[in-house]
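Report on the structure given below.
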Amino acid sequence: MKRVLLLILVVLAGCSSQPTHVDVTQKKRDSATVHTELGAGYFSRGQYAVALQELDAAVKADPTYAPAYNVRGLVYMTLRENDKAEQNFERALDFSPRDADINNNYGWFLCQTKREEESIKHFRTAFLNPLYATPEKAYLNAGICSQRMNRFKDAENYYREALQIRSGLPQANLGLAGIYFQAGNYSLARRFLSNYMQLAEPTAESLWLGIRIEHAAGGSDAEADYAAQLKDRFPDSREAQDLMDGKFK
C-alpha cells in the first residue's frame with residue numbers, strides 16, 4: 001500500500017511540473033512585449049533595421065500581439081514602405097479594433113497618404129475612447145486632416161477641442177491661425193499665431209503665414225520682421241521663394 005501511494009505522489013509531482021497552457025501563453029506574450037518595447041526604443045532612435053528585427057521577433061513570439069504590428073506599421077510608414085505599413089496597421093486593428101493608439105496612428109498614415117476622409121473615423125475612434133491618455137493628439141490630427149480637405153469649421157472645432165485638453169499645443173494654434181487668416185479674421189489669426197510663436201521655434205510655414213496675415217491686414221513692422229526672419233532662417237524654402245515672387249495668396 002505504501003508503495004502504491006509513493007508511486008501516485010511521484011506521478012502527481014511530475015504532472016505539477018509540466019507548464020500549463022496559460023503559462024506558455026503568458027510567456028509568449030511577455031516575450032512579445034519585451035521585443036516590442038525594444039523595437040519601439042530603437043525606432044525612436046532612428047535605428048530602423050534593428051527595430052524591425054525586434055518587432056519581427058515579437059510577432060514570432062506572439063502573432064496576436066497588436067502593439068507589435070502597430071509599432072512595425074510606424075517603422076514602415078517612416079521608411080515610406082506604405083504597403084507594409086498599411087498591412088501592419090490593419091493587422092493590429094484585427095486584434096485590437098478599439099485601441100486608441102493604433103487608430104490614431106493608422107488615421108495619421110491614411111491622412112499622409114491622401115486618404116483624409118478615411119482617416120477621420122479612426123481619429124474619432126481614438127478620441128472618443130475614454131481610456132485614451134492623450135486624446136488631444138487625435139483631435140489635433142483630425143483638425144490637420146480636416147483642414148487639408150478645406151473643412152474649416154470641422155478643423156476649427158477639432159483644434160479647439162485639442163486646446164481644451166492641452167492649451168500648449170503649438171500645431172493647434174498654428175492651424176487656427178491659418179483658418180482665421182483664410183476667413184479674413186486677422187485679429188484672431190494674429191492672436192493664435194502669437195500663441196504658436198511663444199510655444200515653438202518659428203518655421204518657414206509659420207513665418208510665411210505671419211507675413212501674409214500682416215500683408216492682408218495692411219502691412220506693419222511685424223510683416224518686415226517676419227520677412228527678415230524667413231529670408232535669414234530659411235533662404236532656400238518654397239515660402240522664401242514665394243515671398244521673393246510676391247505670391248501672398
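The values are calculated or read from the model by the stated rules, or taken from the named source; none is laboratory data. Quantities reported herein were computed from a predicted structural model and do not represent experimental measurements. Please note: Cβ atoms are built from the backbone with ideal geometry, for glycine as well, and neighbour counts cover all protein chains shown.
Taking segment 73-130 as the region of interest, how many residues are hydrophobic (A, V, I, L, M, F, W, C) and under 19 Å from A155 (Cα atoms)? Of the residues in segment 73-130, 9 are hydrophobic (A, V, I, L, M, F, W, C) and under 19 Å from A155 (Cα atoms). Return the residues of segment 230-249 that are over 18 Å from G178 (Cβ atoms) and either at pLDDT 90 or above or buried (at least 18 other Cβ atoms within 10 Å of the Cβ) (or both); say none if nothing qualifies. Scanning segment 230-249 gives K231, D232, R233, P235, D236, A240, Q241. The test for being in contact with a helix residue (DSSP H, G or I) (Cβ under 7 Å, 6 or more places away or on another chain), β-branched (V, I, T) and farther than 30 Å from P202 by Cα does not hold for I120. Inspect all residues belonging to segment 153-170 and state whether any of them is out of contact with any Lys or Arg (no Cβ under 7 Å at 6 or more places or on another chain), of a type in the set (S, T, N, Q), surrounded by 15 or more Cβ atoms within 10 Å (Cβ to Cβ) and more than 28 Å from A51 (Cα to Cα). Yes, segment 153-170 contains a residue that is out of contact with any Lys or Arg (no Cβ under 7 Å at 6 or more places or on another chain), of a type in the set (S, T, N, Q), surrounded by 15 or more Cβ atoms within 10 Å (Cβ to Cβ) and more than 28 Å from A51 (Cα to Cα). Could you tell me which residue of segment 44-72 is surrounded by the fewest Cβ atoms within 10 Å (Cβ to Cβ), considering only residues that are more than 18 Å from A85 (Cβ to Cβ) and small (G, A, S)? Ranking the candidates gives A57 first. Taking segment 88-108 as the search range and keeping residues that are crowded, with 21+ Cβ neighbours inside 10 Å and aromatic (F, W, Y), which one is farthest from the chain's Cα centre (by Cα)? Here the residue is F89.
Do we find that A85 is buried (at least 19 other Cβ atoms within 10 Å of the Cβ) and either modelled with pLDDT under 95 or under 12 Å from the mean Cα position of the chain (by Cα) (or both) in this structure? Answer is no for this residue. Restricted to segment 156-249, the set of helices (runs of 4 or more DSSP H) holding at least 2 residues that are under 30 Å from L128 (Cβ atoms) comprises 170-182, 186-199.
Among the residues of segment 163-216, the one identified as within 21 Å of K247 (Cβ to Cβ) and under 19 Å from the mean Cα position of the chain (by Cα) is L174. Set side by side, the residues F123, F95, F89, F127 differ, and just one is without any contact (Cβ under 8 Å) to a residue 60 or more places away in the chain and touching a Pro at 6+ places or on another chain (Cβ under 7 Å), which is F127.
Evaluation of Q26 against the conditions (1) at pLDDT below 95; (2) within 30 Å of F152 (Cα to Cα) shows that the sole unmet condition is (2). Of the residues A92, A66, A58, the single one that is out of contact with any strand residue (DSSP E or B) (no Cβ under 7 Å at 6 or more places or on another chain), over 23 Å from A133 (Cα atoms) and modelled with pLDDT of 95 or more is A58. Based on what the data block shows, is I211 without any contact (Cβ under 8 Å) to a residue 40 or more places away in the chain, in contact with a helix residue (DSSP H, G or I) (Cβ under 7 Å, 6 or more places away or on another chain) and surrounded by fewer than 17 Cβ atoms within 10 Å (Cβ to Cβ)? Judged against the criteria, I211 is not a match.
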